[in-house]
Amino acid sequence: MIRKNVSLDEAHLQKLQPLLEKNGGNLSAAIREVIDRVSPDPESPRTPEETAGDLKNSKSSEVREQLIQSGECIMISQETMKWLVKNSAGRLMDEDVVHELLNPYLLTTVSRLKEFLNRSSKTAGWKIDVSCSFRGEVEPESFTMDFVGGDRDFRELLVEAVCIFLSRWMDLDVEALHRKSNSITVYLRHFIRHDTQDISTGVRKHFGAKDLLYREIERKPDFWVTLAELYQKFNYQRVNLDKNLFEALVAGKLPDITKYFELKADRSLREIPLSELLPLFKYLVVASQLVNDVEIYTEKGKEQIKIRHDYSEESVILTLIQLFSNVFNAGWHSFSVNYVSELIIFDFSLPDTSERDAVKVSSGLDLE
C-alpha cells in the first residue's frame, strides 16, 4: 500500500461530508470511494464525460435522499401530482408556501432568482431550465421568463410560485402566459402597487380565478355545501335575491336594483357607457337566476338584449321589464321594449337624442 499526504481545507471536508457519514468518519475510505467513482473502469468503454455525469447524478441523488430523510421533502407519484394540480387550479398558492421555496431576503433580483431556480432544478431533479429575455437592459420595465422542460404539472406550480413571488417582492405583474407542450413563457411588467398585501391583477387573473370561491367555502363550508346541494337538487331553478329586494317584492313594492350595478362597477350608472353596461347586466342578472339566459349584442348602433325566461304570469313579466328598464333609465340610455311568450327584447338602436323624454317603450307598454 502506497501512502501519500493530502492537504484538505474545510471546504473540501464539507463536500466529503456525505461520504464521511457513509463510511463512519473514515476519511481514507471516503477518498477511496471518490476515486472509485471518478475513475473509469479500464474494461469499460465509457468516456470520462459519461463517468462525470454519473458522479453528478449520484450527487443529486444523495442530496434528494438527505432531503427525504430530514422530512423536508417527500416523494409522490406523478398521478398524485396531477390530481393535486388539477384540483387546486384557480387557487392562489399561500405566501408562506411560496417563501418556503423562494427566500425574499436572498433573492433580491430577477437574475439571482433565475440562477437559484436553475441551481435548484439541477440539485432537486426538476429538469426545468429557466431563462430571461431582458432585451438590452439588465432588468428593464418589461421582459419575459421561459420555463422549459420537466414535468408539466410541476412546471405549472413552479411558474405560479415564481409569479406570486415577483408580484409580492419586485412589483412585477403578469401580462400574459404562453403555454406550449414543453414550456411556459411568462410576460412580465412592472406595476404600481397600492396595497402591499394585495395580489396583482395579472397574477389573480392567470392563477387565481377561483381563489375567492375556495376561500369562501373554507370560511363557511356548511353554508356553501348546503347551497350547492339545493341548487343541484332543484336543477338550478332557484332565485338568488338580496334581502332588501325580497322584502320590497313581498311588500308589493318595486325594488331598486340600480345600486347593485353601481356597487359592481364602482361608479354611477350615468358614468357607465352602454358597451360596458350590457355585459355587466348579463353578469348580474344571470348570476341572480332571475331569468334563464341573457344574450347581448354590443355592435355600435345595433345594441340589443334578448332575455329568456320561463315565467307564465304576465304581471311577473311586466315587473321584470320595469326592474330592468329602471337600470337603463338611470343610465340615460334610450331604448324600446318588446316581449312575447318567454322572450323580452331591449333594443337600444334608436336615433341619437339628448332628450330625456325620448321614446322608451314600444308595443303600447307604459312602464313609467
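The values are calculated or read from the model by the stated rules, or taken from the named source; none is laboratory data. All values reported here derive from a predicted model rather than from experimental measurement. Methodologically, a virtual Cβ is constructed for each residue, glycine included, from the backbone with ideal geometry; neighbour enumeration extends over all protein chains shown. With ligands, DNA and RNA removed, areas are computed over all heavy atoms of the protein, side chains included. Shrake-Rupley method; radii C 1.70, N 1.55, O 1.52, S 1.80 Å.
Going by the structure shown, is Arg193 of a type in the set (Lys, Arg) and either within 26 Å of Met81 (Cβ to Cβ) or free of Cβ contacts under 8 Å to residues at least 12 places away in the same chain (or both)?
So Arg193 does not fit the description; no.
Please work out which one of (1) more than 17 Å from Leu172 (Cβ to Cβ); (2) of a type outside the set (Asp, Glu); (3) touching a residue at least 60 places away in the same chain (Cβ under 8 Å) is the condition Pro104 fails and give its number.
(1)
What pairs come out if I take residues in the stretch 221-237 that are in contact (Cβ under 8 Å) with a residue 24 or more places away in the chain and pair them with residues that are part of a helix (DSSP H, G or I) and loosely packed, with under 11 Cβ neighbours inside 10 Å whose C-beta lies under 8 Å away, six or more apart or interchain?
Nothing qualifies.
Please list, ordered by first then second residue, the pairs with beta carbon atoms under 9 Å, 6 or more apart or interchain, first in the stretch 65-83 and closer than 17 Å to Pro18 by Cα and touching a residue at least 12 places away in the same chain (Cβ under 8 Å), second open to solvent by less than 80 Å² (accessible area, probe 1.4 Å) and small (Gly, Ala, Ser).
These pairs meet every condition: Leu67/Ala124.
Only one of (1) at pLDDT below 90; (2) closer than 30 Å to Ser142 by Cα; (3) open to solvent by 70 Å² or more (accessible area, probe 1.4 Å) is not met by Lys253, so which one is it?
The single condition Lys253 does not satisfy is (2).
The conditions are (1) farther than 24 Å from His206 by Cα; (2) in a helix (DSSP H, G or I); (3) hydrophobic (A, V, I, L, M, F, W, C), and Cys73 fails exactly one of them. Which is it?
Going through (1) farther than 24 Å from His206 by Cα; (2) in a helix (DSSP H, G or I); (3) hydrophobic (A, V, I, L, M, F, W, C) one by one, Cys73 breaks only (2).
Scan the stretch 216-232 residue by residue and report those that are under 30 Å from Val174 (Cα atoms) and surrounded by 12 or more Cβ atoms within 10 Å (Cβ to Cβ).
Glu216, Ile217
Going through the stretch 278-302 one residue at a time, which ones are open to solvent by 50 Å² or more (accessible area, probe 1.4 Å) and in a helix (DSSP H, G or I)?
Within the stretch 278-302, Pro279, Lys282, Tyr283, Ala287 meet the criteria.
Which of (1) open to solvent by less than 70 Å² (accessible area, probe 1.4 Å); (2) in contact with a Lys or Arg (Cβ under 9 Å, 6 or more places away or on another chain); (3) at pLDDT 90 or above; (4) not small (Gly, Ala, Ser) is the odd one out, the single condition Ile199 does not satisfy?
(3)
Out of (1) under 24 Å from Asp293 (Cβ atoms); (2) open to solvent by less than 60 Å² (accessible area, probe 1.4 Å), the odd one out for Asp211 is which?
Among (1) under 24 Å from Asp293 (Cβ atoms); (2) open to solvent by less than 60 Å² (accessible area, probe 1.4 Å), the lone unmet condition for Asp211 is (1).
Has the stretch 168-181 got any residue that is over 22 Å from Asp94 (Cα atoms), touching a strand residue (DSSP E or B) at 6+ places or on another chain (Cβ under 7 Å) and modelled with pLDDT of 90 or more?
yes
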